[in-house]
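The values are calculated or read from the model by the stated rules, or taken from the named source; none is laboratory data. On a predicted model such as this, the values are computed, not experimentally measured, just so you know. Backbone-built Cβ (ideal geometry, glycine too); neighbour counts: all protein chains shown. Just the protein is used for accessible areas: all its heavy atoms, side chains included, with ligands, DNA and RNA removed. Shrake-Rupley method; radii C 1.70, N 1.55, O 1.52, S 1.80 Å.
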Amino acid sequence: MKEIKIGDISELHIDDMGHTGAGIGKIDGFTVFVEGAVVGDTVQVKIVELKKSYGFGKIIEFIEHSPHRVESECSVSDLCGGCQLQNIKYEEQLKLKKKMVVDNLERIGGISSISVNDVIGMETPFRYRNKAQFPVGQKNGKAVIGFYQKKSHEIVECESCILQHKINDKIVSDMKQIIDELGMTVYDEKTGKGLLRHIVTKVGWHTHEIMLILVTNKKAFPDKEIIIQEIIEKMPEVTTIIQNINTGKNPSVLGEKSITLYGKGYIIDSLKDVQFYISPLSFYQINPIQMEKLYSKALEYADLKGTETVFDLYSGIGTISLFLAKQSKKVIGVEMAPSAIKDAIKNAELNKITNTEFYHGKAEEVVPQLYKQGERADVVVVDPPRKGCDERLLKTMVEMKPERIVYISCNPSTLARDLKYLEENGYKTKEVQPVDMFGGTMHVESIILMTYCGSKKK
Ligand code: SAH
C-alpha cells in the first residue's frame, strides 16, 4: 500500500456510508471518509486529516454523481444536523441500513450464519415524527426556531421540517410571532440569560391531541398568563401546554421538572385498540406508523400461547407490555424513568389490563432482584437505549433461561455486542428484522429473535 499523506489528491469511489452520513471510499485499501459524498459517487478529494487506520478527504470535484442521488425534499438538509440521507433514494437508504446491521453483526457480534431480512420500510418516508424538539434563538432581534446545525449549536431556521407532523409548521410560525410580539426573551447559551430554550411538541397520531412544551431557563415566567392566552387563541389545536424547567448547561433538552400551564398535562394516543397516556418526560416511539409494524413483529417473535410469564425490560410507558399482556399469563415491565413507570401503571388501568406488574428501577438491578425472589420469564423482551444492555442484566437473563428473547435495538453496534454475549451463553439468533423508524437519517432499528438452545457454547 502506498503511503498516504495530508494534501494528497486522489480519486475514489464511495461504496459505503458511515453512521454520521459521510461517504466512505478506499485509496489502495486505506479508508477515507468524505463529507458531502454519497454511496455511488466518484469524487476527487484532498486528504485533510489522517488517523492511524483511516483519514478524511475534502471534495475537490465530483467525477461522477451517484445514480442513487435524488434532490432533497428539504431546503436545509445540507446544513441541518437532523437528516443525513435526504439526498439518497429511499430504496438505497434501506439497503444502506441493512448493510449497517449485517456489518455490525459480523464484525462485532461474529454472527454471519444468519441472513438479515430486508428492512421494513415506509410507503412515504416523510412527516412520520410525532415528537419535535426545536431550539429557539434570536437573529437581528427576531425569533429563530429550527434545528441545530451539524456539529454545532447554531440554529438553522426551518419553517417546514419534512420529518415532522404538518401541524408543527403552524406551531413554529405562530410561536415566532408570539415571541416577537410579546417580547419573550430567548435563551442565549453563551451568557446563560433569556427565558425560552426549546419548544417541544408531541402529537397524538390517532387522537390529534397536541402537547406544547415550553422549555425555560428558570421557573419565573414573566407574562405567563398573557402568553398562555395568546397560544390558546392562535393555536386551538394545542390541547395541553407545559412549562419544563431546564436550568442546566448540559445538552439534554428537557429538565426534570414540568408544570402544567393549560389542559390535562398529558396527551393520549392509541395503537389498534390500546390507548396510552403520554407525559412530557416519558419516552414514546417517535414513528407511530412503523411502531405498529415493529410491535407486530415483537408479538410474532414472542409467539405467546397465553400461559407465559413475559418480562418487558426498558418498558417505557408500557406500550409493548400491554400488547404482550393480552396474549400471556403475566407481564412484568421494568423501567427506569419515574414518569414513564407512572404512565405505564395508568395505561394498564386505562385499558383494563390486570395481568401486568411494573417495577421502577434499572433493569440490571431490578431483574437480578426479581430472579433471586424466584420470578422466572418464559419470554424476555428488551428494548434498551443506544448503549444497549448492561452485562449484569444479560448475565441474569442467561441464568434465567427464557425460551425466547426478543431484542429491539436502535443501535446495531451495541446490539451485536449483546447478541455475541447471548450466543456464547446458550442462545441462537433465529431472525434479524430491521425496521425503518427514521427515514432520511442514518438511524436504524432492528428486532431480533433468539431462542434457547440448551447447551452453553464454549
Ligand atoms: N419499550 C418502550 C421504550 C423503549 S425506549 C417502547 O417501545 O416505547 C428505552 C426506555 O428504557 C426508556 O423509556 C428509558 O427511560 C429506559 N431506560 C434507560 N435505561 C434503563 C435502564 N438501565 N433500566 C431500565 N430502563 C431504562
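Considering segment 1-50, and only residues there that are of a type in the set (G, A, S) and outside any loop (DSSP other than H, G, I, E, B), the residue that is most open to solvent (accessible area, probe 1.4 Å) turns out to be S10. Those strands (runs of 3 or more DSSP E) of segment 108-220 in which at least 3 residues are open to solvent by less than 50 Å² (accessible area, probe 1.4 Å), considering only elements entirely within it, cover 131-139, 142-148, 196-203, 210-216. Take residues that are open to solvent by 10 Å² or more (accessible area, probe 1.4 Å) and tell me which of the strands (runs of 3 or more DSSP E) falling wholly in segment 262-381 contain 3 or more. Qualifying strands (runs of 3 or more DSSP E): 356-360. Which condition breaks for I242 when tested against (1) part of a strand (DSSP E or B); (2) under 22 Å from the mean Cα position of the chain (by Cα); (3) not aromatic (F, W, Y)? Condition not satisfied by I242: (2).
The residues listed here are K330, K352, K346; of these, the one that is without any contact (Cβ under 8 Å) to a residue 12 or more places away in the chain and of a type outside the set (S, T, Y) is K352.
A quick yes/no check of all residues on (1) on the phi > 0 side of the Ramachandran plot; (2) away from the ligand (no atom under 15 Å from the Cβ); (3) not assigned by TED's automatic domain parsing to the domain that holds V435:
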| position | (1), (2), (3) |
| --- | --- |
| A344 | no, no, no |
| G361 | yes, no, no |
| E364 | no, no, no |
| Q373 | no, yes, no |
| P384 | no, no, no |
| G388 | yes, no, no |
| T396 | no, no, no |
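Whether any residue in segment 399-407 is charged (D, E, K, R), surrounded by fewer than 18 Cβ atoms within 10 Å (Cβ to Cβ) and outside any loop (DSSP other than H, G, I, E, B) is what I want to check. Yes, segment 399-407 contains at least one residue that is charged (D, E, K, R), surrounded by fewer than 18 Cβ atoms within 10 Å (Cβ to Cβ) and outside any loop (DSSP other than H, G, I, E, B).
For the residues S258, S279, the requirement of being within 14 Å of the ligand (Cβ to nearest atom) and within 30 Å of E225 (Cα to Cα) singles out S279. Looking at F438 and the list (1) without any contact (Cβ under 8 Å) to a residue 40 or more places away in the chain; (2) over 25 Å from L304 (Cα atoms); (3) within 16 Å of the ligand (Cβ to nearest atom), which single condition is not satisfied? Among (1) without any contact (Cβ under 8 Å) to a residue 40 or more places away in the chain; (2) over 25 Å from L304 (Cα atoms); (3) within 16 Å of the ligand (Cβ to nearest atom), the lone unmet condition for F438 is (1). Scanning segment 92-107 for residues that are out of contact with any Pro (no Cβ under 8 Å at 6 or more places or on another chain) and open to solvent by less than 20 Å² (accessible area, probe 1.4 Å) turns up just one, L96. Does segment 393-428 hold any residues that are touching a residue at least 60 places away in the same chain (Cβ under 8 Å) and in contact with a Phe, Trp or Tyr (Cβ under 9 Å, 6 or more places away or on another chain), and which are they? Listed by number, the residues that qualify are P402, R404, V406, I408, L415, L419.
Selection within segment 282-315: residues that are of a type outside the set (A, V, I, L, M) and near the ligand (Cβ under 10 Å from one of its atoms). The member of this set that is farthest from G439 (Cα to Cα) is D312.
Does L449 fit the bill of being assigned to a helix (DSSP H, G or I), at pLDDT 95 or above and buried (at least 17 other Cβ atoms within 10 Å of the Cβ)? Considered against the rule, which asks whether it is assigned to a helix (DSSP H, G or I), at pLDDT 95 or above and buried (at least 17 other Cβ atoms within 10 Å of the Cβ), L449 comes out as no.
Whenever a residue of segment 195-219 is under 18 Å from I232 (Cβ atoms), its partners that are among the aromatic types (F, W, Y) and open to solvent by less than 20 Å² (accessible area, probe 1.4 Å), lying with C-beta atoms within less than 6 angstrom and at least six residues away or across chains, give the pairs I199/F134. Right, S53: small (G, A, S), open to solvent by 90 Å² or more (accessible area, probe 1.4 Å), at pLDDT below 95 and not assigned by TED's automatic domain parsing to the domain that holds N117 or not? Considered against the rule, which asks whether it is small (G, A, S), open to solvent by 90 Å² or more (accessible area, probe 1.4 Å), at pLDDT below 95 and not assigned by TED's automatic domain parsing to the domain that holds N117, S53 comes out as no. Return the pairs, sorted by first residue and then second, in which the second residue is part of a helix (DSSP H, G or I) and within 12 Å of the ligand (Cβ to nearest atom), the first residue lies in segment 286-304 and is over 15 Å from G318 (Cα atoms), the beta carbons are less than 8 Å apart, and the residues are 6+ apart or on different chains. Close Cβ pairs (under 8 Å, with a partner that is part of a helix (DSSP H, G or I) and within 12 Å of the ligand (Cβ to nearest atom)) amount to A302/L324; L304/L324. Tell me, yes or no, whether segment 60-67 has at least one residue that is of a type in the set (D, E) and more than 30 Å from the chain's Cα centre (by Cα). Yes, because at least one residue in segment 60-67 is of a type in the set (D, E) and more than 30 Å from the chain's Cα centre (by Cα).
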